[in-house]
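Student: Pasting a structure below so you can have a look.
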Amino acid sequence: TSAALTLLGGSVAAVVVWKWLGKKVIQKKMEEARKTRDEGLKKMAKAVQQFREQVPSVQTDAILSLPLLGLTERLREGSLSPKTVLYTYLEKALEVHQQTNCLRHFIPECEEQLQEIQRQKEKGLLYGIPVSIKDHIGHKGHLSTCGLVRCLDTLTKEDSVLVKVLKRQGAIPFAMTNVPQSLFSYDCSNPIFGQTLNPFNHQKSPGGSSGGEGALISGGGSILGIGSDIGGSIRLPSSFCGLCGLKPTAERLRGESAFGASICLMWVICSRPIPVSCALGPMARDVDSLALCMRALLCEEMFRLDPTVPPIPFDEEAYCSSTPLRVGYYDTDGYFPLPPCMRRAVRETRSALQAAGHQLVPFSPPRIPYVMTELFLKTFFADGGRAWLDVFTGDIVDSSLKPQVNSCRIPRLVKKLLALLLKPLVSPHVAMISTCRSVKEMWNHHCQIQVYRSEFITCWKELHLDVVLCPVLGPAFTTGYPGKLLTAISSTMLYNILNFPAGVVPVSTVTEADEEELKLYQGCCDDPWDRKLKQAVSGAVGMPVAVQCVALPWQEELCLRFMKEVETLSREK
């Protein structure tokens, strides 16, 4: 007995030591990654300083205040040089990063690209424009970390298709931006590079998972960025940070490189035959910038590099049309009631559109509770979350993700018992119990999504709608809250399930009256989740308030045209 106890004690001690050593290795890797980033930032700061000394008369504020269309015009006519513009934005990006921690890495090869565009025979549509890209979009010679330690060892071997096309159009990718760990969050925090903050209010989150992009562009450190969206990851940061952002039909653009893809949830999802695809899209300060980016990307080079992208060039006629639209609208989806200011934004925009000569028609999206639990979350947690949990092997889980991770780790039977006994308290995680237990169930699940898409399009067609105006989650949450309110994203998630193009436009800001009305907010049934949402969005006076604009699949240009109309009317107001 004594020998057995000694052996057991020795085994326990060995496991404790092994875990301690493993944690030390992880921490060392994270420290090295942070050190590499900081050294890159210092090099860029030095390069900016040298440029400043060589050209002390640069009118920084004048350059930064130019809209993208104005900047491209100045660059093409030669009254501004690409070098001046690049270093102006590098300097501003450093400043914004100091305030918000939005950068994952500078791209030093931007100076090589600066030389390359001057050798090109033709000036592309984005000639000389500095562009930021989200962490997981592949750039040759750089990491795509997804905020995971396991991804710190593998450099991307070649530029992704999207980066190649940006470069061919004369753009200069200059920075990669921070993301939440595994990308499965609409906050923006990971254990390696830390929490990104909202430039309007440092107590607030910039949203996610394209949160680094949101913070950098909103702070003025980038004029155009590329994000990705599988549940709202372009639209939520755009809403939280007061930007315009477009999630296209998923197949309209491609971004994957042939090699060096990150091992993250996004990649796990994108490489499996599932019916909800990741969409890449632009983020910027105005709708015309989004349109220019789409115009530049939807070119022969994109279609040649990736034959799976349908060769549909940008439809100028649809974007520039002034024909009155028939607009469906709703200010709540009946699943997760949004704060009063977001519903106010829809009502005010509806009135402005009606006054401008458009026809407004009430529209109710069908069966959102079913869509959220049985279609959307079941897609990601069909295996009970095991594939997602696997990406955290040999990693430290970020505090913002612990509620979801801990829920996935609870045995299935225990989850069922908890769901029955404590239903009002555990409802956001009940969907994780709903798994596909066989291949047949998985195919049935895929079929159910197709059936729902057909049902939704039928409702749309019966009302003869061109587009839909609806709310988006906001205003910006206090940091840490997004991880506690996963199911609050029903407003954006719906259009990932449907694979419809959807964009966000800021139209207002939170007022004192909104804050007072929030005190009376009870949500659906004044349960713990409604109260948590109330806490998450409180203290947001002056923060951006946005609406969401939606069109049918492959009608990105119509969606953008509608967004432009909303933007124009809100600015006039």
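The values are calculated or read from the model by the stated rules, or taken from the named source; none is laboratory data. From a predicted model like this one, the values you see are computed outputs, not experimental measurements. Virtual Cβ from ideal backbone geometry, glycine too; neighbours counted across all protein chains shown. Protein only, heavy atoms only, side chains kept; ligands, DNA and RNA dropped before computing areas. Shrake-Rupley method; radii C 1.70, N 1.55, O 1.52, S 1.80 Å.
Student: Check the straight Cα-Cα distances from Lys484 and name the aspartates and glutamates below 19 Å, setting aside those fewer than 8 residues away within the same chain.
Tutor: Candidates past the 8-residue exclusion: Asp187, Asp398, Asp526, Asp527, Asp530.
Student: OK, next. Just from its helices, what would the mean residue ellipticity at 222 nm be for the chain, if runs of 4 or more DSSP H residues each count -39500 (n - 2.57) and the sum is divided by every residue, rounded to the nearest 500 deg cm²/dmol?
Tutor: -14000 deg cm²/dmol
Student: Magnitude of the Cβ-charge dipole of region 25-307, K/R +1 and D/E -1, about the Cα centre, nearest 20 debye?
Tutor: Approximately 240 debye in magnitude.
Student: Which of the listed residues, Ser322, Val58, Gly523, is farthest toward the dipole's positive end in the chain, when Lys, Arg count +1 and Asp, Glu count -1 at the beta-carbon?
Tutor: Result: Gly523, furthest along the dipole toward the positive end.
Student: Additional query: Hey, got the dipole for the chain? About the Cα centre, +1 on K and R Cβ, -1 on D and E Cβ, debye to the nearest 20?
Tutor: Around 1620 debye, computed over the chain.
Student: For region 436-573, what is the accessible area per residue in Å² when the probe is 1.4 Å?
Tutor: It amounts to 39 Å² per residue over region 436-573.
Student: Among the aspartates and glutamates, which have Cα under 16 Å from the Cα of Lys28 when same-chain residues fewer than 8 positions away are ignored?
Tutor: Output for Lys28: Asp38, Asp153, Asp395.
Student: What helices in the chain pass both tests, a Cα length along the helix axis of 18 Å or more and a mean Kyte hydropathy of -1.0 or higher, using whole DSSP H runs?
Tutor: Span-like helices here: 2-54, 82-100, 340-355, 439-462, 556-572.
Student: Going by the alpha-carbon gyration tensor, a ≥ b ≥ c the square roots of its eigenvalues, is region 479-548 rounded (a/c under 1.5) or, if a/c is not under 1.5, prolate (a/b greater than b/c) versus oblate?
Tutor: Judged from the Cα gyration tensor, region 479-548 comes out oblate (a/c at least 1.5, b/c at or above a/b).
Student: Name the shape class, rounded, prolate or oblate, that the alpha-carbon gyration tensor gives for region 58-127, where a ≥ b ≥ c are the square roots of its eigenvalues, rounded holds for a/c under 1.5, and otherwise prolate holds if a/b is larger than b/c and oblate otherwise.
Tutor: Oblate is the answer for region 58-127, as a/c is 1.5 or above yet b/c matches or exceeds a/b.
Student: Then there's this: How much length would be gained if the chain were fully extended between Glu31 and Lys46, taking 0.36 nm per residue of separation minus their Cα-Cα distance, in nm to one decimal?
Tutor: Going from the current span to full extension adds 3.2 nm.
Student: Whenever you get a sec, compute what percent of the accessible area on region 509-573 sits on carbon and sulfur atoms (1.4 Å probe).
Tutor: 52 percent
Student: Moving on. Identify all lysines with a Cα-Cα distance to Lys23 below 25 Å; exclude those on the same chain that are fewer than 8 residues away in sequence.
Tutor: Correct list for Lys23: Lys35, Lys402.
Student: Which value in Å is the Kirkwood Rh of region 25-307 over different Cα pairs?
Tutor: Value: 18.5 Å, from the Cα pair sum.
Student: Listed here are the pairs Lys134/Lys157; Lys416/Lys534; Lys24/Lys46; which of them are more than 21 Å apart at the Cα?
Tutor: Listed pairs above 21 Å: Lys416/Lys534; Lys24/Lys46.
Student: If I model a spin label as a point 7 Å beyond the Cα along the Cα-Cβ vector, how far apart are those points for His464 and Cys320 in nm?
Tutor: 2.8 nm
Student: Taking 8 Å as the Cα distance limit and 6 or more residues as the minimum spacing, I'd like the relative contact order of region 305-413 as a percentage.
Tutor: 24 percent
Student: Under a Cβ-Cβ cut-off of 13 Å, what is the net charge of the residues other than Leu64 that fall near it, where Lys and Arg count +1 and Asp and Glu count -1?
Tutor: Net charge in that neighbourhood comes out at 0.
Student: Same structure, new question: Just to be sure I understand the model, the point goes 7 Å from the Cα along the line to the Cβ. What's the resulting Asn406 to Gln359 distance in nm?
Tutor: My value for the distance between the label points is 5.3 nm.
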